[in-house]
Amino acid sequence: MAVSQTVELKCTMTVSIWQANGTQPLQEVDCLVIGAGLIGCSAAYFAAQAGRQVTITDARDLALGASSRNAGFMITGLDTYYHTAVEAYGLDTVRELWALSRTTHDYLWQFIEAGAVQVDRCGSTLLAETPAEARELEQAARALEADGFEVNYHSRDPLERGYYAAIEQPQDAAVQPYQLVQAIFQQSGAALIANNEVYRIGQDSADIVTVWTRQFIFKARHVLLCTNAYSPFIDPYFVGKVIPTRAQCLVTAPLADGPILNTCGYSDYGYMYYRDTFDGRLLIGGGRKQNKWLEGDTSDDRVTDPVQRTLEAYLRDRFPEVEAPVEQRWAGIMGFSVDKLPLVGTLPGKPRVGFAVGFTGHGLAMGVGTAERAVDHLLNGTHPGAVSATRLD
Ligand SMILES: Cc1cc2nc3c(=O)[nH]c(=O)nc-3n(C[C@H](O)[C@H](O)[C@H](O)COP(=O)(O)OP(=O)(O)OC[C@H]3O[C@@H](n4cnc5c(N)ncnc54)[C@H](O)[C@@H]3O)c2cc1C
């Protein structure tokens, strides 16, 4: 019984022999990026900057995975508070990762300014749901300040909603994530082949990779997998390294009196998050901590009642003045890496197949800089630093 339940949850795309039997037309490409999300489009941009002809292919269409389903928080850093990250990974690694996050944001601002992307430079506020989390936030603030970061620690709740403490990060922002990926794609100059599932990858000679997809068989000089949560369904190398994990959101109807937060709110160690939308709704996301049994190890992006009930209860509890009804709910699939850090490398036995995956719910924080390192690693053999997947070998 337990086995069949697990199989049911891990639903994913497959290609039947009737849809594609190996007689699809051949297509020669220079650099093939698999996955047209935030990371795939960023990687395409960097590969094109390096002088490569880039084709992106995706099972769905541009940015229809997590990249257009997220909350749009451009928060600096990992999903772990700074001092805890130092304990887990060491100070040098954490400094490198926070610098990578800043690099990511610098690139995002460049893409935003060159494109038509809604963004609110509202900063972020990390909030404590309990006195214990307040003590953690104070330690995080001190550790960030000691390392030269501009943060404002509050021993009281600046939002006056019953939180215990807060860290404000004024440089953070709230973005329209779907528009962002559209802008990056346009600026990459890459070609896109949508509606095209990849179902097998082989490197049959030293310099050519064959990629079987429903519409074509590609012969590529280099391939970069940017399939985040879906990677374990494409290559067994990722099984146990990237865990597909569902995240859910809701939004209210537009509020009568307009925006009420003016920040990206983030609490309960990142398990809850909330922001205003550009059309004056309140977005609440998270609710996974109470429902982990349901939300882990699945690529099914349907909403579930227990999580939506958790989100709605949070809305009514923390934002009691909001009378607007919930108008829309959605889910997306995050790729949690086993040690919560992004993974960059090449597949065993396939040195021309690179990957940039495992963003652990923080693609807007870490993704673009990581994509740049993945491209540099694949094309030039440059070591990707702290995001190198060799740390898990
Ligand atoms: C509800 C939610 C809220 C989030 N909030 C935030 C946030 O506020 N801030 C933040 O930084 N991050 C957030 N995240 C995480 C963020 O969305 C991801 O880290 C980021 O989008 C990862 O981008 P990606 O391009 O790697 O993955 P994706 O956007 O998921 O792209 C992967 C692509 O691979 C394609 N693919 C899969 N299998 C195949 C195949 N076999 N063949 C071809 N193509 C395939 C998929 O169709 C998909 O388009 C959130 C995620 C969710 C779900």
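Sparse packing (at most 15 other Cβ atoms within 10 Å of the Cβ) combined with a DSSP loop state is found for the following trypsin sites (Lys or Arg not before Pro) in segment 274-348: Arg302.
Scanning residues 5 or more positions from Arg200 or on other chains, those with amide H under 5 Å from its amide H are Trp212, with H placed 1.01 Å from N in the peptide plane. With both bridge residues required to lie in the chain, what share of the DSSP beta bridges run antiparallel, to the nearest 5%? Counting DSSP beta bridges with both partners in the chain, the antiparallel share is about 65 percent. Each Cα pair of the chain feeds into the Kirkwood radius, which the Stokes-Einstein equation turns, at 4 °C and 1.567 mPa s, into a diffusion coefficient of 60 µm²/s. When the charge dipole of the chain is built from unit charges on Cβ atoms (+1 for Lys and Arg, -1 for Asp and Glu) and taken about the Cα centre, the candidate among Ala132, Gln118, Leu294 whose Cα reaches farthest toward its positive end is Leu294. Axis angle, to the nearest 10 degrees, between helix 131-146 and the longest C-alpha principal axis of the chain: 70 degrees.
In this simple spin-label approximation, Thr14 and Arg316 carry label points 7 Å from Cα along the Cα→Cβ vector, and these lie 4.2 nm apart. Site pair Gln24 and Asp279 shows an inter-label distance of 3.6 nm when each label is modelled 7 Å from Cα along Cα→Cβ. Among residues other than Cys226 with Cβ under 14 Å from its Cβ, the summed charge is -1 (Lys and Arg +1, Asp and Glu -1). Note on Ala146 and Asn195: their simple-model spin labels are 5.7 nm apart, each label 7 Å out from Cα toward Cβ.
Length gained on full extension, Thr103 to Glu87: 3.5 nm, using 0.36 nm per residue less the C-alpha separation.
Label zone of Gln139 (point 7 Å out along Cα→Cβ, amide N under 20 Å): in segment 57-92 this covers 77-92. Net charge in the neighbourhood of Leu32 (other residues with Cβ under 11 Å of its Cβ; Lys, Arg +1, Asp, Glu -1) is +2. Solvent exposure of Val211, expressed as accessible area, is near 0 Å², computed with a probe of 1.4 Å over the protein chains only. Take the chain with all the other protein chains still there, run a 1.4 Å probe, and you get 42 Å² of accessible area per residue.
Using the Cβ-Cβ distance between Asn262 and Ala114 with R0 set to 25 Å, the FRET efficiency works out to roughly 0.45. When the P(r) of segment 239-393 is calculated, the portion above 19 Å amounts to 59% of the C-alpha pairs.
With a Förster radius of 30 Å applied to the C-beta separation of Lys219 and Arg391, the computed FRET efficiency comes to 0.40.
Here Ser42 sits with roughly 0 square angstrom of accessible surface, probe radius 1.4 Å.
The values are calculated or read from the model by the stated rules, or taken from the named source; none is laboratory data. These numbers were taken from a predicted model, which means no experiment stands behind them. Glycine gets a Cβ as well: all are built from the backbone with ideal geometry, and neighbour counts include every protein chain shown. Remember, those area values only see protein heavy atoms, side chains included, never the ligands or the DNA or RNA. Shrake-Rupley method; radii C 1.70, N 1.55, O 1.52, S 1.80 Å.
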